[in-house]
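The values are calculated or read from the model by the stated rules, or taken from the named source; none is laboratory data. What you see is a predicted model; the values in this text were computed from it and never measured. Cβ sites come from the backbone with ideal geometry, for glycine too, and all protein chains shown count toward neighbours.
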Amino acid sequence: MSAAPGQQAAISVRDVSRDFTAGQQTIRVLHSIDLDVAPGELTYLVGESGSGKTTLISIMCGILWPTEGSVEVFGTPIYGLSDDDLVRFRLENIGFIFQQYNLIPAINAASNAAVPLIARGMDRQEARERAVAMMEKLNIANQADKLPNQLSGGQQQRVAIARALVHEPRLVVCDEPTAALDATSGRRVMDLLRDVALAEDRACIIVTHDNRIFDLADRILVLEDGRITHDGQSMPEDH
């Protein structure tokens with residue numbers, strides 16, 4: 001789904017390519033990607049390992065620079081920003097759920113979830129209260145005072161999801177958000193993400209292999225060898 005006439009795209013990707021260098025060899029992992037994501041859209045990005053999915057979402061949210069091309073997020077050309085302004089833009093507008101969680105080992109779960117609020121200058125007590133409220137929605141508030149190494153993989157993942165959503169970002173980008181979760185916890189997480197995506201001024205992009213949640217997508221993009229080969233409301237029959 002593209003943005004309606006006169007409607008600003010949540011994300012606009014134009015002619016984006018990305019190269020990586022391995023020794024003396026340059027490898028192109030994304031090839032001239034063109035893509036618009038509309039506000040209010042829950043979009044899945046599906047493909048085999050090595051197809052370029054994580055590279056593409058990293059470029060979409062300002063973590064990894066493209067070799068060629070441009071990206072706009074809610075009308076802002078993010079790669080035209082200074083480094084400081086890009087960091088500030090991400091902090092204010094983007095929530096990223098990493099596949100490896102990236103929790104800070106020395107602080108408890110609630111403090112990890114509160115990091116985006118504290119980074120924006122919120123009082124620590126208020127930030128904790130907001131973080132615990134988000135953790136409650138994910139059924140993880142009873143683990144608020146535990147360190148990451150005291151949590152299971154699924155619990156760590158839900159803390160990472162709380163951290164990504166606590167500051168109410170306009171764009172949420174997720175790398176395998178249900179991979180470590182059982183079916184019930186996975187649906188709870190997806191209900192939250194869908195609530196975010198369906199807001200008129202927000203969007204959500206999810207990298208996933210989890211066929212348990214394919215039915216929730218508004219749009220499924222299939223990436224193969226750095227190119228989008230399918231764009232539809234369901235998975236193609238040959239996948």
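At-a-glance table
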quantity	calculated
Options ALA203, ALA144; residue that is buried (at least 19 other Cβ atoms within 10 Å of the Cβ), more than 28 Å from ASP15 (Cβ to Cβ) and of a type in the set (Gly, Ala, Ser)	ALA144
Selection from region 152-177 of residues that are surrounded by fewer than 20 Cβ atoms within 10 Å (Cβ to Cβ) and part of a loop (DSSP other than H, G, I, E, B)	SER152, GLU168, ARG170, GLU176
Lone unmet requirement of (1) assigned to a helix (DSSP H, G or I); (2) farther than 29 Å from VAL46 by Cα; (3) of a type in the set (Lys, Arg) for LYS146	(1)
Residue selected from region 206-226 under the condition part of a helix (DSSP H, G or I) and not aliphatic (A, V, I, L, M), by the criterion surrounded by the fewest Cβ atoms within 10 Å (Cβ to Cβ)	ASP215
Criterion violated by LYS137 - all others in (1) surrounded by 17 or more Cβ atoms within 10 Å (Cβ to Cβ); (2) at positive phi satisfied	(2)
Cross-chain or 6+ apart pairs with Cβ under 8 Å, region 52-64 first and hydroxyl-bearing (Ser, Thr, Tyr), then surrounded by fewer than 21 Cβ atoms within 10 Å (Cβ to Cβ)	THR54/GLN99; THR54/ASP175; THR55/VAL29; THR55/LEU64; SER58/LEU64
Exclusive hit being in contact with a strand residue (DSSP E or B) (Cβ under 6 Å, 6 or more places away or on another chain), free of Cβ contacts under 8 Å to residues at least 40 places away in the same chain and of a type in the set (Ser, Thr, Tyr), set THR67, THR26, THR21, THR76	THR26
The one condition in (1) surrounded by fewer than 14 Cβ atoms within 10 Å (Cβ to Cβ); (2) at pLDDT 90 or above; (3) under 16 Å from the mean Cα position of the chain (by Cα) that THR229 fails to fulfil	(3)
Answer from ARG28, ARG120 - the residue that is farther than 30 Å from SER234 by Cβ and basic (Lys, Arg)	ARG120
Strands (runs of 3 or more DSSP E) enclosed by region 1-120 - at least 3 residues per element that are of a type outside the set (Phe, Trp, Tyr) and in contact with a Pro (Cβ under 6 Å, 6 or more places away or on another chain)	94-97
Residue in region 211-221 that is of a type in the set (Gly, Ala, Ser) and farther than 19 Å from ILE57 by Cβ present	no
Residue within region 83-94 that is modelled with pLDDT of 95 or more, surrounded by fewer than 16 Cβ atoms within 10 Å (Cβ to Cβ), over 20 Å from ALA180 (Cβ atoms) and more than 20 Å from the chain's Cα centre (by Cα) present	no
